[in-house]
Structure formats: structure tokens, C-alpha cells
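Enquirer: Structure incoming, see below.
Just so you know, all these numbers are worked out from the coordinates, no wet-lab data involved. Not measured: the values here are computed from a predicted model. Cβ sites come from the backbone with ideal geometry, for glycine too, and all protein chains shown count toward neighbours.
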2 protein chains.
Amino acid sequence: MGSAAADAVLPLDASTFAAESRAVVDFLEVYYRDIESYPVRPDTEPGRLRTLLPNVPPEDGEPVDVILEDVRRHIVPGLTHWQNPNFFAYFPMNASTAGFAGQMLSTGLNVVPFMWAASPTATELEGVVVDWMARLVGLPERFLFSGGGGGVLHGSTCEAVVCTLTAARDRVLSSLGHEAILRLVVYASDQSHCTFQKGARIVGIPPANLRVIPTSAASAYGLTADSVRNAVKADVASGLVPLYLCATVGTTGLGAVDPVRDLGEVARRYGMWLHVDAAYAGSALICPEFKDYIDGAELADSVSMNPHKWFLSNMNCCCLWVVSPGLLTSALSSNPEYLNNVGREGAAEVVDYKDWQIALSRPFRAMKLWVVLRRYGAGGMRAYIRRHVDMAKWFERMLDADERFEVVVPRRFSLVTFRLRPRHGGHDDMEALNRKLLMAINASGRAFMTHFVVDNKFVIRMAVGAAMTEMRHVQDAWELVQDKAKEVHATP
Amino acid sequence: MGSAAADAVLPLDASTFAAESRAVVDFLEVYYRDIESYPVRPDTEPGRLRTLLPNVPPEDGEPVDVILEDVRRHIVPGLTHWQNPNFFAYFPMNASTAGFAGQMLSTGLNVVPFMWAASPTATELEGVVVDWMARLVGLPERFLFSGGGGGVLHGSTCEAVVCTLTAARDRVLSSLGHEAILRLVVYASDQSHCTFQKGARIVGIPPANLRVIPTSAASAYGLTADSVRNAVKADVASGLVPLYLCATVGTTGLGAVDPVRDLGEVARRYGMWLHVDAAYAGSALICPEFKDYIDGAELADSVSMNPHKWFLSNMNCCCLWVVSPGLLTSALSSNPEYLNNVGREGAAEVVDYKDWQIALSRPFRAMKLWVVLRRYGAGGMRAYIRRHVDMAKWFERMLDADERFEVVVPRRFSLVTFRLRPRHGGHDDMEALNRKLLMAINASGRAFMTHFVVDNKFVIRMAVGAAMTEMRHVQDAWELVQDKAKEVHATP
């Protein structure tokens, strides 16, 4: 590939493109083959990379193999390997061959479907693929384009939350006046993702008007309709305006599920926008055995889920569906002269996705999700999800059968939450003990898990769902947990 | 590659990954080789793709070659080909071999650097590469991490605007109270990107408090300090609070430049946040001959530019630099328990990029920009930019030398704005004539340009900057413009 120094930059010369891209494919092939040899979480100190790289970019271009060698030497050893099959932290962030292929096509074609006219089939494929996903997940017809609703692919749940909050807010402010922004109130549970509160702050909801409603073990950490109703009533009585309720199917900390139908009824009663955040568990909803978890979705105004988590669609891809696209587009549209379509005046109505999101420009994400769905098929995806759920079930059974451990919240999907029980009579500092256990597990490099705290309990989260995870990895993790538990119990 | 129907989904089997990824590389190699054979803008009707694809995803997985064949038959013919060297519309959206390689590495590794601990070297590479870019662009030291500031890679300018508006807003509201949101005012010119007004609406600035300040030919459509000062004074006199001023270096419609130093002085005087949006022209600032355009940047609070436009960094990648990261992170941070770092309590301070942006999760964009800078070098990138500027200069000279045409606003970078002059004595409907000319150019499939309207003039925009564009394409475009002008003049 030689030095590029002397040559003019020819960015898309077809044969250079092919040769260098193949070199990257080879690099990644080796990475995937060897991935289990890396500690899942690296042992590195802050600032190390700065000492290895110069302060300025090179003046002359460098060959691709030199760059790849630096990736191998300097970057890879300091990464947390999210694709390592022993990654059980946070939630999974699935890469796949099909997700990668779709991303390559999107990145290679590099079209920008911000308006229909700016890339017609890219816009239309997005409409097709969000409808496909809505049907798979089992959403009511009103979330499909054919039912008067529709979907869009965002980069993240927070973006979906900001856009739907803005739509809900502007619907109310258009009748009450902008001053009413000070009286708007939003509701979510103490288990909701932090992204919701962040989104509410971004759109200008007064911080004092974010209601974080407590949950408890009695409802398996799901919101109850009563608790929401009581909070709403109190706010209405003080002259405030209930705006938006966020329900979660599969919370981040514990995998808890809010009752969509019950909350939908409360939302309807008080004229609130109901959003259902199924970022993680939305993928499981493609299996009939999980569909009860979105019973009542017809009462929601919007639903979102992230195929980049547990649906093999590489970062990033978030499906957002809404019942009333007009509310979204009236809050988010912009029609400057430089985007008017000369030659298409008076043409049939089309979807201009710039008005369904925060940014103007946007990548061709539909290609990625479409390739994933075609390559693996609905049946393949169901089998994939069930494999992880089965592994999580097995891990939960092992914990149940071992008296040293307690499963803290019953597993719903593929997330298992557990902790060491107190030893003799409960005099241990359980937080310290479980914290030590988690540190020992992660320091081994053989698995990476994270934690949560609920009702003052320090809980270890085992989130099964990395793309390469097989039964043997979950078995290894269980052995590791047992070994480390023994060590931790043995040390004073 | 066979049918995946009967097999279990093995999403990252290394050899399947390599084989299927090579098939996609081959596909794209052919696409780039043949790209000039496609009309730049497709001739297609809304809804066509829906008639070609089924309403539901396949139940069984399909082989990659079948999927690629469908991309070739159904998707590619209906795309606007942004990478076609005859694409002169909007602004360029550069793909490149290095940008693609960087995206492949990012997508393949698929790590999520939302916190330092979630992928240390990915976070640190971002810090390194935004500092590299800041130096290249010529930003003052205070925008670098070493100078107390710092940068982040977003997906879009609108995201950068929303985040900095939120930071500016919350700084003011923390002292004046949330009620003051009703009194906040933001300022930009009538040439600013629509994204700015959209961002201001999203963060809850009252629509009545968005000041769109007129510009004129006298200042080459740049804002004047006087006009901003007058608007601000009037608002202050009515008890309003000036919050944020957006200056643009290289506007979308005409490539106009706002005077950063003058506006910085006004912003300082009234305690406003000054943001410099150099989305398109930021790339040109790496050449010393353009650096005057950001003279005064030390008076700004934030600066953004999009390497995905004219800097070979495939969708999407937006650099945002701020002088005071603390203002950004205090407005955007969230620290739920499930993200606390067990084993790193009390460790050295690190950058957690989730607090620099809207979303929690985020892709490893730094890899892409780093590969681009290394592969082409600073010198290569300057030469690349200058090549486009030279081509635009040539096109402008041709227009100047042809009495049928008028260059509407003097070219600053690589955007040329022109129109047909009135023929005999000015009785033509100039808008209709130029609209007809643009339609004829685009209908030919041999070039794609867009338009703008300024001072009631319908202006055709010729934005040079697609990655593959060479002199011969610009010459062809000039011939096309001449031919179509002749046709348009000849028809009644």
C-alpha cells in the first residue's frame, strides 16, 4: 500500500479502497478469533494513551498497515472488550457480521436521507424496516405507517426521549402559552434510566417538576398505577400540568417492568403523553412468550427500543415509533429555502426524516437493520434471544441452588441480579463483601459484571447477551463467581 | 455462504465475518468504480420501494449475496449518489477509504466509550484527536484539554448546539431561577443554519425570543456587530436576558462569514455565550490562507465543525470544542448507581463523555477521525481542500467571463453562487428562468445542484467538495450549465 506522503489524496480510488478495506477486515477477523485472550476489562491507568501518541497529526500520510499496527499495540490493549463473550456488564451492545455488513453499506454509500429527495430509497427503506420491527415486536397497527403512525431510527433512547418530550411539550404549550412550561410535570420511576431525567432537563422542564416515583419489591420494582395517580393528583391540585409519563419495559438496574396498560389508563385520564422505553427488553418482545409485557401498548403515544443492544445491530440504532407523527414534525420541522425541492413542487407527500429527530443530517441506519433482519430472519433472531434467556435461566438456577447466594429480583429476560447472603447470622458488612466479590470477578479479566443498589442492597448484575456468548462462557462465569465467593468469604 | 436458515445464528464467527465482509467490500469497490454511470439524483416516484419489498421480514435468514443483489436492484437505483463526483448539491458529505476504514474499526470493535472505564483508550483517543483537530484548525489553546478546555465528537451540529445552549441556559438559570427561562433571548443571523433555531426551540427558549437578525449584501451577508448590539440593547431594555449568540463561518445558503472578533466583543459585553458554527468551512480553516476567518475565536465559548462534510470522515462526525467543560458537564451529567465504578473510587479524574452530549451511549467516532488524519496527514488534507477551492475558483472565473451569468456573492471557500442575468433589458421573470435552468441541470442526471433565495434572487449553488470530484467534473458541469442556459433562453 506504500506511503501516501508523495501522492495526492485520492479518497475513493476503487482499488485502493478494496485493498485497504480488506486489510481492515483481516484485522477484525483476527480480533474476533482472539477476543477471548484479552481481559474483558483492561488494566490501565488514566492518561496512558497520551504518552504514546504525538501531540499533532502527522504532516504526511501513513500506510494503512502502520496505522493498524498502532491500533493493535496502543488501542486494543486499553479497550473494554464489549464483544468478548465474557462481557456481562451494563447491557450488551451487539456486533454481528450482518450488522457490520449493513454498516459498511451505509458508510460506503454514505448517502444522507434527511429528506426524501436527498435519497429516496434510503428514506423508504427506513419506513419499511421500522414497520417490520413494529410487527415483530407486536406493536398495535397505529404505530405503523399503514395505521397512521410511523417510526424512525435514532441513535439513542435519549434522542427519542428528547424528541417526544418536545412534541408533547409543544402540544400543551400551543394551547396554554409558553409561560406554562414552568408548570409542566414529568413522571418516571426511581428505576427509569437516567436518560429520561436528562432529556427532561434538556427540554426545559423545571428540575423541581421531575417526579421520581418510588418503587418497591412488592411490585418487583415496577411502577404502580396508584403511585402515579397519587402523584399526578397532587400536582394537578397545586395547579401543575401533567405532561409525560415514561414507562420502562426492562429497567437498567434490575430488568423491572412497568405495567403498560395500567399506566396507559392513568396517562389517558390526565392527558399525559405515555412513552414506553423498551431499550433493552424490546428485543425480547419478538418472542411470543414475552409479549404480555407490552399489553396495553395501544394506550401509549410512543415506544422505543435499541436494536444496537441485543439485536445484533452494531452501534448505533434506536427505533422510535409514534402514533401521531404530526406532533413530532410540527415540533421539530424546519423548512429553509436551501432545502426546498425544485422540480417536486406539489408532489405526493413524503416522509422527511429531518423533522422526526434532533439533527438535520443523519446516516442511513435502515440499511443496517434491514441487513440484520434479512440475514438472520425473524426465526433466527427469536432463537438467538431465547438462547441468551435460557443461559440466564441456568445461571439463576445455579444461584438458587447455592445457599451462599440470593437472587435479588426474579429474572424477567436475560439479566440476573444476585448477591452473597450474610454468612453466620448476618453480621457481615454485606455491601463491602459483595463489592469485594465484584472487584475480584472483574480483576480476574475472565468476566466483567457491573452492579446496582436497591433498598440498600449492593447487587451484582449478570447481563447475558453478548453476541458471542455461549453456554460454556456462562458456565465459566458461574465457576468464577463461586471461586471468588470462596476467596472473599475466606479473607477477613 | 449458503443459507443461514437451518443454522443457529453465530453472529461473529470469524471466518463467516471475513467472507461476508469481503463480499461487501467487493460490492462497494464496484459501486465506486461505476458511480459516474448513475444519474446523480434518481428519477423515482414516492412509494416505489414499498411495492418491491414484503411487509414482513423473512422468517428464515438469507445468504448475503441475495441481500447484496437486492441492494443493487432495489436500493441503489433510487439513491441520490452523494459520492458521485458530479454531486454539487447542499454541502458535500465526504466518504473516503480512510474514513471507511476508521468506521469499520469502530463498528467492528463496537466498544462504547460513554465513560472512561467503559473503554479507556477509546475515550483517550477522542481527547487526543479533538486536540489534534483544534491545533489544525488554529483554535486558541483554551479550547484544548491542555488549556483547560476540551473537545468531544458529536454526530451533528444540532447536537452541539443543543448541548451548548443547555449549558449556557443552565448557567444563567442557576443564578436567576428557572422562571427566567421565559426571558432568555438567543441571536443569530438570517443566514444561520435552521438547526440553530430548532435547537433553541428544543431547549425551551420561547419562540418569541429567537432573534433572527437581517444581513445584507453590504456586509456580504455576514452579521454586523452593530446590528447584534442594537437587538441586544433593545431586549435588555425590555427586561430580557441575552443568552447566546451563534456566529457562522461559512453559511449554508451562501458561504457567508460572520465577524467572530466583533461578535465576540458584543457577546462579552453582554455576558452571552458565543458559539462559532463552522460546520462546512471549518475544514478549510486548516489552511493558513483561511485562518483570518476565525480571528477572535479566543472570545468564543464554543466552536463546532463537521469532519463528515468536507474532511473525508464519512457520516457522522462533528467536533465540538468548549472553553469550560464544567459548564457542559454540570448541565448534562448523570450519575446513576449502575454506572459507578467499582474498584476505581477516588481514582484520578477522567473524562466521561456521556456528560458532554445528549445520549448516554455513543460510538467510537475518534477512531474514524484518527485514521483519516493519519492516513492522509495534515499536508494531504490541506492539498485536498485546496484542490476543491481551486476548482471552485475556476468555475467562478468562467461565470465572471460569461456575460449571461452573474456571481451573486463572492466565493469564500468552495461554494459558488450564481444565476442567469436578465436578457434584453430585464423583462424576464428571473426566478422562473433560473428555476428552469436548475431543473434542466438536475434532470440531466449529469450534475446535481441546489438553490437558495436571497434578496428575492433565486440563486443556484454549486458546492464543490465531493471526495471524487476532479477538474474534469467541474469542467463538465460548466459545459452543462452553458448548454442548459442556452436551452432555457431559447424556450419561451
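Enquirer: Taking the Cα centre of region A:14-81 as origin, sum charge times position over the Cβ atoms of Lys and Arg (+1) and Asp and Glu (-1), and report the length of that vector in debye to the nearest 20.
Expert: That gives region A:14-81 a dipole magnitude of about 280 debye.
Enquirer: Moving on. For region A:118-150, state which chymotrypsin sites (Phe, Trp or Tyr not before Pro) are in a DSSP loop and have at most 16 other beta carbons lying within 10 Å of their beta carbon.
Expert: Qualifying residues, ordered by number: none.
Enquirer: Given q = 0.17, 0.22, 0.30 Å⁻¹, what are the Debye log10 I(q)/I(0) values for region B:444-492, with equal point scatterers placed on the Cα positions and solvent ignored?
Expert: -0.63, -0.94, -1.18
Enquirer: Here's another thing I want to ask about it. Return the average number of partner chain Cβ atoms within 10 angstrom of each residue Cβ along peptide A:190-199.
Expert: 4
Enquirer: Residue by residue through region B:312-329, which ³J(HN,Hα) values in whole Hz follow from phi under the Karplus form 6.51 cos²θ - 1.76 cosθ + 1.60 (θ = phi - 60°), with glycine and proline marked x?
Expert: Each residue's phi maps through the Karplus curve to give 6, 10, 4, 3, 10, 6, 10, 7, 10, 10, 10, 7, 10, x, x, 5, 5, 5 Hz.
Enquirer: So what is the relative contact order of chain A, in percent, for Cα pairs below 8 Å that sit 6 or more residues apart?
Expert: 21 percent
Enquirer: With a ≥ b ≥ c taken as the square roots of the eigenvalues of the C-alpha gyration tensor of chain A, please select rounded if a/c is under 1.5 and otherwise prolate if a/b is larger than b/c or oblate if it is not?
Expert: Oblate is the answer for chain A, as a/c is 1.5 or above yet b/c matches or exceeds a/b.
Enquirer: Could I ask something else about it? Please list B:148-159, A:404-415 highest first by mean number of surrounding beta-carbon atoms within 10 Å per residue.
Expert: By packing density, highest mean first, the sequence is B:148-159, A:404-415.
Enquirer: Separate question: Share of antiparallel DSSP beta bridges in chain A, in percent to the nearest 5?
Expert: 60 percent
Enquirer: Using alpha carbons only, how many angstrom separate the centre of region A:39-102 from the centre of region B:122-174?
Expert: Spelled out, the Cα-based centre of one part sits 22 Å from the other.
Enquirer: Net charge within 11 Å of residue A:188 by Cβ-Cβ distance, Lys/Arg positive one each and Asp/Glu negative one each, not counting residue A:188 itself?
Expert: With Lys, Arg at +1 and Asp, Glu at -1, the net is -2.
Enquirer: Right, something else. Please work out which residue of chain B brings its Cβ closest to the axis of the rotation superposing B onto A, and round that distance to whole Å.
Expert: In chain B, the Cβ lying nearest the symmetry axis toward A is B:204, 1.
Enquirer: Could you work out [θ]222 nm for chain B from helices alone, using -39500 (n - 2.57) per DSSP H run of at least four and dividing by all its residues? Round to the nearest 500 deg cm²/dmol.
Expert: -13000 deg cm²/dmol
Enquirer: Placing a label point 7 Å from Cα toward Cβ, how far apart in nm is residue B:218 from its equivalents in the other copies, listed shortest first to one decimal?
Expert: 7.2
Enquirer: If a/c stays under 1.5 just call it rounded; otherwise compare a/b with b/c (prolate if a/b is bigger, oblate if not). Do that for region B:188-338, with a ≥ b ≥ c from the square roots of the Cα gyration tensor eigenvalues.
Expert: Note, shape of region B:188-338 comes out oblate.
Enquirer: Could you calculate the FRET efficiency of residue A:268 with residue B:476 from 1/(1 + (r/R0)^6), where r is the beta carbon distance between them and R0 is 45 Å, rounded to 0.05?
Expert: 0.15
Enquirer: Something else: If you count, for every residue in A:311-319, the Cβ atoms of partner chains within 10 Å of its Cβ, what is the mean?
Expert: The shielding value for this peptide is 3.
Enquirer: Continuing with this model, one more query. Residue by residue through A:357-369, how many Cβ atoms from other chains fall within 10 Å of the Cβ on average?
Expert: What the average comes to for A:357-369 is 6.
Enquirer: A follow-up question, please. 7 Å along Cα→Cβ for the label point: how many nanometres lie between residue B:233 and each equivalent label in the other copies, listed shortest first?
Expert: 5.8
Enquirer: Through the Karplus equation 6.51 cos²θ - 1.76 cosθ + 1.60, θ set to phi - 60°, convert the phi angles of region B:12-28 into ³J(HN,Hα) values in whole Hz; use x for Gly and Pro.
Expert: Here the 3J(HN,Hα) series is 10, 4, 4, 6, 4, 3, 5, 5, 6, 5, 5, 4, 6, 4, 4, 4, 6 Hz.
Enquirer: Of the options A:266, A:306, A:294, report the single residue whose Cα projects farthest towards the positive end of the charge dipole of the protein assembly as shown (beta-carbon charges: Lys, Arg +1; Asp, Glu -1).
Expert: Towards the positive end, the residue furthest out is A:266.
Enquirer: Let me ask another. Could you give, in nm with one decimal, how far residue A:36 is from each other copy of that position, shortest first, with labels 7 Å out from Cα toward Cβ?
Expert: With the label placed 7 Å along Cα→Cβ, residue A:36 yields 5.1 nm.
Enquirer: From the phi of every residue in region A:446-456, what ³J(HN,Hα) in whole Hz does the Karplus formula 6.51 cos²θ - 1.76 cosθ + 1.60 yield, where θ is phi - 60° and glycine or proline is x?
Expert: With coefficients 6.51, -1.76 and 1.60, one gets 8, 7, 9, 10, 10, 9, 8, 10, 9, 6, 6 Hz.
Enquirer: Compute, for the protein assembly as shown, the length of the dipole vector about the Cα centre, with Cβ point charges of +1 (Lys, Arg) and -1 (Asp, Glu) only. Units Debye, rounded to 20.
Expert: The calculation lands at about 1180 debye.
Enquirer: Among B:239, A:30, B:410, which residue has its Cα furthest toward the positive end of the charge dipole of the protein assembly as shown, with +1 on Lys/Arg Cβ and -1 on Asp/Glu Cβ?
Expert: Projecting each Cα onto the dipole axis, the largest value belongs to B:239.
Enquirer: Please give the length that would be gained between residue A:66 and residue A:455 if that part of the chain were fully extended, namely 0.36 nm times their separation in residues minus their C-alpha to C-alpha distance (nm, one decimal).
Expert: Difference between extended and current length: 134.8 nm.
Enquirer: Let a ≥ b ≥ c be the square roots of the eigenvalues of the Cα gyration tensor of region B:111-363; is it rounded (a/c under 1.5), or, if not, prolate (a/b larger than b/c) or oblate?
Expert: Oblate shape, in that a/c is at least 1.5 and b/c is the bigger or equal ratio.
Enquirer: Let me ask something additional. Summing +1 for each Lys or Arg and -1 for each Asp or Glu, what net charge is found among the other residues whose Cβ lies under 15 Å from the Cβ of residue A:336?
Expert: Net of charged neighbours comes to -1.
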